[in-house]
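**Student:** Sharing a structure, written as structure tokens. Questions coming.
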Amino acid sequence: MSQQFDPCITEDGSYTFFSEEFGQTFHSRYGARAESIFKYAIPTLLADRASRGHLRLLDICYGLGYNSAAALSAIWRSNPNCTVEIIALELDRTVPISAIEHHLLAEWEEPISQLLTRLVQAETIDTPKCQAQLIFGDARQTIDLVLDQSFQADAIFLDPFSPLSCPQLWTVEFIDRVARCCAADGIIATYSCAAAARTAMIQAGLLIADSLPVGRKAPGTIASFDPVQFPPLSQQELEHLQTRAAIPYRDPTLSDSMASIVNRRELEQDHCGWETTSQWKKRWRAVS
Ligand SMILES: C[S@@+](CC[C@H](N)C(=O)[O-])C[C@H]1O[C@@H](n2cnc3c(N)ncnc32)[C@H](O)[C@@H]1O
């Protein structure tokens, strides 16, 4: 998997890549930079929490590095003295390397672009204000290295390709491990509102809520163990979690192929006896 990536422009003028392997762009077409700010940095309350003086971030699916960049920008604009620890997980090292070769990190103010460039080159940085590790490999396995360090993140960015393209990173087993890396009042953010992903989060003991929709109708999801943080889901969204779409992906050994994970879920869906998601949609269209 050593593929070169060519930048493609998004609607906010920032650049993303297209993955031939997953058949998707790395960011939404409304804006790569906007997504990292509005789906990740803002919903995880980093600007407010920077007053704590020290923050720990877990960036799952580091990609081009935009989510870490947006986080550092939000934190240091709010409190330039806040120290930050980052652990980032990524499968394909050619992605962040291509981002640097195309100068895509230059969109972020210094010292962020310099720090993240060094992180990609050395896989670790240790400066007075930022300690970071970039761990390459399948996140289903490398997440154990995060757990081994007893890393408890204040913010977790969960940014795989969509559940249909990359179900491996939306399973009950993987999300459970992600949740175990989350501090008691930490916040997990993702762009997805897929019912299967939300079920996996609930099964991990997390409370979930919508993050604001940006550039499209559907919201993202934020999750935390802390009950005071979020407004409840609407009745319509709660009922979505009782449809066939809410049957989660499972990967008991965290090593199955995409096809086995999808087949296992389809079998479970065939036997669940739950309402189909189109029936649910129809009912709610009739209400509105
Ligand atoms: C939607 S993109 C992430 C974009 C990224 N957060 C950013 O800000 O640029 C998904 C990323 O997940 C990575 N990925 C795919 N499968 C993975 C796996 N099993 N473990 C870790 N990373 C994976 C891809 O290489 C890709 O970089």
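**Student:** Any idea which of (1) assigned to a helix (DSSP H, G or I); (2) surrounded by fewer than 21 Cβ atoms within 10 Å (Cβ to Cβ) is the one Ala99 doesn't satisfy?
**Tutor:** Result: Ala99 passes all but (2).
**Student:** State the number of residues belonging to the range 68-96 that are out of contact with any helix residue (DSSP H, G or I) (no Cβ under 7 Å at 6 or more places or on another chain), within 12 Å of the ligand (Cβ to nearest atom) and not in a loop (DSSP other than H, G, I, E, B).
**Tutor:** Of the residues in the range 68-96, 2 are out of contact with any helix residue (DSSP H, G or I) (no Cβ under 7 Å at 6 or more places or on another chain), within 12 Å of the ligand (Cβ to nearest atom) and not in a loop (DSSP other than H, G, I, E, B).
**Student:** Can you find a residue that is away from the ligand (no atom under 12 Å from the Cβ) and not in a strand (DSSP E or B) anywhere in the range 55-67?
**Tutor:** no
**Student:** Identify all residues within the range 264-288 that are of a type outside the set (Gly, Ala, Ser) and outside any helix (DSSP H, G or I); write none if there are none.
**Tutor:** Trp274, Glu275, Thr276
**Student:** Restricting to the range 198-208, give me the number of residues that are surrounded by 19 or more Cβ atoms within 10 Å (Cβ to Cβ) and within 15 Å of His240 (Cβ to Cβ).
**Tutor:** The number of residues fulfilling the criteria is 5.
**Student:** Kindly indicate whether Arg56 is in contact with an Asp or Glu (Cβ under 7 Å, 6 or more places away or on another chain) and basic (Lys, Arg).
**Tutor:** yes
**Student:** Hey, among Thr10, Thr44, Thr25, Thr16, which residue is away from the ligand (no atom under 12 Å from the Cβ) and of a type in the set (Ser, Thr, Tyr)?
**Tutor:** The conditions single out Thr44.
**Student:** Looking at the range 113-125, is at least one residue of a type outside the set (S, T, N, Q), modelled with pLDDT of 95 or more, within 15 Å of the ligand (Cβ to nearest atom) and assigned to a strand (DSSP E or B)?
**Tutor:** no
**Student:** Considering only the range 241-288, how many residues are small (Gly, Ala, Ser), surrounded by 12 or more Cβ atoms within 10 Å (Cβ to Cβ) and modelled with pLDDT under 95?
**Tutor:** The total comes to 0.
**Student:** So, in the range 211-250, how many residues would count as being in contact with a Lys or Arg (Cβ under 7 Å, 6 or more places away or on another chain) and under 24 Å from Leu58 (Cβ atoms)?
**Tutor:** Total satisfying the criteria: 6.
The values are calculated or read from the model by the stated rules, or taken from the named source; none is laboratory data. The model shown is predicted, which means the values in this text are computed figures rather than measured ones. Every residue, glycine among them, receives a Cβ derived from its backbone with ideal geometry; neighbour counts consider all protein chains shown.
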